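A short worksheet on the structure shown next.
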Amino acid sequence: MAAYAITSSRRNLSPEGRGRLRQLRMRQLRIASVFILPYLVLFAIFGLYPAALAVWMSFFNWPPLGDVQFIGIDNFRELLRDEVVGKSIVNIAYFLVMDITGILLLSTLIALAMSVQLPFKGLVRVMYFSPAVTSMLVVSIIWSWIFSPNGALNYLIAMVGIREQKWLLDPDLVMPSLALMNIWRGAGFYAVIILAGLQSISRELYEAAAIDGSSGWQSFWKITIPLLMPTIELVIVLMTIWGFLLFTEPYVMTRGGPLDRSMTLAYHLYRQSFQFWRMGYGAAIGIVLLVMAFAIALIERRVIGQRVDF
Amino acid sequence: MREARLYRLLRLGTVWLALAIGALISFAPLLWMMMSAFKPTQYVLARPPSFVSPGWPTLENFRVLSGQINIAGAFANSVLVAVATTAGVLLVNSMMAYALTQLDFPGRELLFNVILATMLIPFYLSMIPLFVIVRRLGLFDNFGGLIIPALTSPFAVYVIRQYFLTHPREICDSARVDGASELAILFQIILPISKPALAVVAVTTFQGAWNDFLWPLIVIQRKELWTMPLALIQLFQGGIGGQVIRWGQVMVMSALSTLPILILFLIFQREFVAGLTAGALKR
């Protein structure tokens, strides 16, 4: 329609042309608003307003009885002194190191294996993906048993002569255990992502390298890994963001224990808000989460932005 | 020559074997859970762990459970919430995607980027104020509180928009020339040809709504409104019928919660994978 062509040559218009342009834009906006309004209204009420309210709430004390009092940045001061917050961050970092290493190793191996011509691909893919489509709640329940004294893990390690472990009840083992569970859940899922990345590498690169006399190993290190880097970095960023939001496992399986060694920020937030009814403080913790999410996204943009340069 | 071929076959065989073992490890816990649902409760935690037990299979757990919880009710609630959420998400977000691709208006690209940026807001931040708002709006302790806040989805907008972009402008333009309204164009022309993207969004949204447990935990109080995850967590934390966890029943509930999604996954494999990886590969 000719109307759309007008918008590009705004500078050359006469006053009445500009008036017509404004009319056109108003008309476009009117039509579009029918379509964007439902989303915007819903988002304003249930997305924007709560987030803004959270920031607002963090400056108050919201006791279950009595009045709401303005306390300025006291919640944040308490945050900085709160041991649990510090422990949570350490726990999450510890978790992420194990989680990311384990998943990257396993899912790359799986993806490489899957890229070969094999029978029963569909069935195999279903089996690898099934942990990821199961709800976290069910996964936590099943693994509660696996980690239990009479559970599958102790049974399996007994077969290779290792002593029975306390897993979730052992302060030193609780985070590694949660990491193990997460690796189990994510390996197949991330393998598919990495597989997609693998398949986007052009065959010709490998063929050219083979012609130049490169061996399989060399091709792997010089071609596959570098070109897979963006995908790998993406996987790392995703896992980091999800790692900070770890909640279901501590809630269902460990309640943050033992000795707060499996405490996470999200669970701390939940407990402060809905068990101790300290919603202002909970909101402050939520803001810490938001800041961290933004920080990770920013760092990621910088790091990935540098790699994509061919 | 024959040795080289044999060597290759052997390598292929090992790869296949390793892959198969990994697949079994991935699937085994879920299989155990489903098999355990049919074991008499005292054998679920038995050592050594096994997939079957004396008295397998039995429907005893199911029988006892249905006496304590309205299983069908919880299942129906989950279905209702998941279906309603999926339908709503498809509607709201495809309208937004249509505006972002087939309509022209000032601030269009900015709006899209802002929508994407909002994906960074963690749920835990808005959780508490959302709780307060939902109460004030009268959406507490009913399904509205579960469905309505979940309708806007930057992910859905992204996926649907990507697909809409692949439709040539002529389709809409010729319909406009024929005098069709924009709404009619969306519903009668564009949506019917965008089924792949809609399927991806539908399947991902359904799975998310079906498995969701924290927000329903906060919003729903009445037993009649429990969804499957809520009933499950009550069972697991020994809230119903005494203090001891009756593992047989927990397994039944877990299996019933998981099976629908697994079946859906088997049927819509491609959509699930596309949806879950598109969320990751969007960059």
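The values are calculated or read from the model by the stated rules, or taken from the named source; none is laboratory data. The shown structure was predicted, so the numbers you read here are calculated from the model rather than taken from an experiment. Here Cβ is always computed from backbone atoms with ideal geometry, including for glycine, and neighbour counts include all displayed protein chains. Please note that ligands, DNA and RNA were not included when accessible areas were found on the heavy atoms of the full protein model with its side chains. Shrake-Rupley method; radii C 1.70, N 1.55, O 1.52, S 1.80 Å.
Of all residues in the range B:70-92, those that are more than 17 Å from B:Pro229 (Cα to Cα) have Cβ atoms under 6 Å from Cβ atoms of residues that are open to solvent by less than 10 Å² (accessible area, probe 1.4 Å), 6 or more apart or on another chain, in B:Val89/B:Ala156; B:Val92/A:Tyr39. For the range B:96-121, a residue qualifies if it is surrounded by 18 or more Cβ atoms within 10 Å (Cβ to Cβ) and either in contact with a Phe, Trp or Tyr (Cβ under 8 Å, 6 or more places away or on another chain) or part of a helix (DSSP H, G or I) (or both), and the qualifying residues are B:Met96, B:Ala97, B:Tyr98, B:Ala99, B:Leu100, B:Thr101, B:Gln102, B:Leu103, B:Leu111, B:Phe112, B:Ile115. Within the range B:166-212, restricting attention to residues that are part of a helix (DSSP H, G or I) and among the hydroxyl-bearing types (Ser, Thr, Tyr), the residue that is farthest from B:Leu80 (Cα to Cα) is B:Ser174. When the range A:107-131 is filtered for residues that are of a type in the set (Val, Ile, Thr), closer than 15 Å to B:Ala20 by Cα and either crowded, with 18+ Cβ neighbours inside 10 Å or more than 7 Å from every other protein chain (Cβ to nearest Cβ) (or both), the ones remaining, listed by number, are A:Ile110, A:Val124, A:Val126. Of the numbered criteria (1) within 13 Å of another protein chain (Cβ to nearest Cβ); (2) under 22 Å from B:Met127 (Cβ atoms); (3) buried (at least 21 other Cβ atoms within 10 Å of the Cβ), the one B:Gly248 fails is (2).
Taken over the range A:188-212, residues that are outside any helix (DSSP H, G or I), over 24 Å from A:Met127 (Cα atoms) and open to solvent by 60 Å² or more (accessible area, probe 1.4 Å) amount to 1.
Do we have B:Val64 as surrounded by fewer than 19 Cβ atoms within 10 Å (Cβ to Cβ) and either at pLDDT below 90 or assigned to a helix (DSSP H, G or I) (or both) here? Judged against the criteria, B:Val64 is a match. I'd like to know if the range B:191-205 contains one or more residues that are within 11 Å of chain A (Cβ to nearest Cβ), hydroxyl-bearing (Ser, Thr, Tyr), buried (at least 19 other Cβ atoms within 10 Å of the Cβ) and in contact (Cβ under 8 Å) with a residue 12 or more places away in the chain. Taking every residue of the range B:191-205 in turn, at least one turns out to be within 11 Å of chain A (Cβ to nearest Cβ), hydroxyl-bearing (Ser, Thr, Tyr), buried (at least 19 other Cβ atoms within 10 Å of the Cβ) and in contact (Cβ under 8 Å) with a residue 12 or more places away in the chain.
The residue pairs whose first member lies in the range A:158-172 and is without any contact (Cβ under 8 Å) to a residue 40 or more places away in the chain, whose second member is crowded, with 16+ Cβ neighbours inside 10 Å, and whose beta carbons are closer than 7 Å, counting only pairs six or more residues apart or on different chains, are A:Glu164/A:Asn154; A:Gln165/A:Asn154; A:Gln165/A:Leu173; A:Lys166/A:Leu173; A:Trp167/A:Phe147; A:Trp167/A:Leu153; A:Trp167/A:Leu173; A:Trp167/A:Ser177. In the set (1) in a helix (DSSP H, G or I); (2) in contact (Cβ under 8 Å) with a residue 12 or more places away in the chain; (3) not acidic (Asp, Glu), the condition left unmet by B:Arg5 is number (2). Among the conditions (1) under 26 Å from A:His268 (Cβ atoms); (2) within 24 Å of the chain's Cα centre (by Cα), A:Phe76 misses just one, which is (2). Taking the range B:132-143 as the search range and keeping residues that are open to solvent by 20 Å² or more (accessible area, probe 1.4 Å) and assigned to a helix (DSSP H, G or I), which one is modelled with the lowest pLDDT? Top of the filtered list is B:Val132.
Residues that are open to solvent by 90 Å² or more (accessible area, probe 1.4 Å) and either over 35 Å from the mean Cα position of the chain (by Cα) or within 20 Å of B:Leu262 (Cα to Cα) (or both) within the range B:1-20 comprise B:Met1, B:Arg2, B:Glu3, B:Arg5, B:Leu6, B:Tyr7, B:Arg8, B:Leu9, B:Leu10, B:Arg11, listed in sequence order. When you look at B:Ala18, is it out of contact with any strand residue (DSSP E or B) (no Cβ under 8 Å at 6 or more places or on another chain), away from chain A (no Cβ under 14 Å) and assigned to a helix (DSSP H, G or I), yes or no? Against the criterion (out of contact with any strand residue (DSSP E or B) (no Cβ under 8 Å at 6 or more places or on another chain), away from chain A (no Cβ under 14 Å) and assigned to a helix (DSSP H, G or I)), B:Ala18 does not qualify.
Filtered by the rule that a residue be among the hydrophobic types (A, V, I, L, M, F, W, C), open to solvent by less than 30 Å² (accessible area, probe 1.4 Å) and assigned to a helix (DSSP H, G or I), the range B:213-234 gives B:Leu214, B:Trp215, B:Ile218, B:Val219, B:Leu225, B:Met228, B:Leu230, B:Ala231, B:Leu232, B:Ile233. Checked against (1) in a loop (DSSP other than H, G, I, E, B); (2) modelled with pLDDT of 85 or more; (3) over 25 Å from the mean Cα position of the chain (by Cα), A:Asp172 passes all but condition (3). With respect to (1) in contact with an Asp or Glu (Cβ under 8 Å, 6 or more places away or on another chain); (2) in a loop (DSSP other than H, G, I, E, B), the lone exception for B:Gly73 is condition (2). On inspection, B:Tyr124 passes the criterion of being at pLDDT below 90, under 25 Å from the mean Cα position of the chain (by Cα), within 11 Å of chain A (Cβ to nearest Cβ) and part of a helix (DSSP H, G or I). Residues in the range A:134-156 that are more than 7 Å from chain B (Cβ to nearest Cβ), assigned to a loop (DSSP other than H, G, I, E, B) and within 18 Å of A:Leu246 (Cβ to Cβ): A:Phe147 alone.
Among the conditions (1) away from chain B (no Cβ under 14 Å); (2) surrounded by fewer than 20 Cβ atoms within 10 Å (Cβ to Cβ); (3) touching a residue at least 40 places away in the same chain (Cβ under 8 Å); (4) out of contact with any strand residue (DSSP E or B) (no Cβ under 6 Å at 6 or more places or on another chain), A:Ile71 misses just one, which is (4).
Of all residues in the range B:28-37, none satisfies being open to solvent by less than 80 Å² (accessible area, probe 1.4 Å) and more than 30 Å from the chain's Cα centre (by Cα).
Yes/no matrix, rows are residues, columns are (1) modelled with pLDDT of 85 or more; (2) crowded, with 16+ Cβ neighbours inside 10 Å; (3) more than 26 Å from A:Leu234 (Cα to Cα):
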| position | (1), (2), (3) |
| --- | --- |
| A:Leu105 | yes, no, no |
| A:Val133 | yes, yes, no |
| A:Val139 | yes, yes, no |
| A:Ser144 | yes, yes, yes |
| A:Ile157 | yes, no, yes |
| A:Val160 | yes, no, yes |
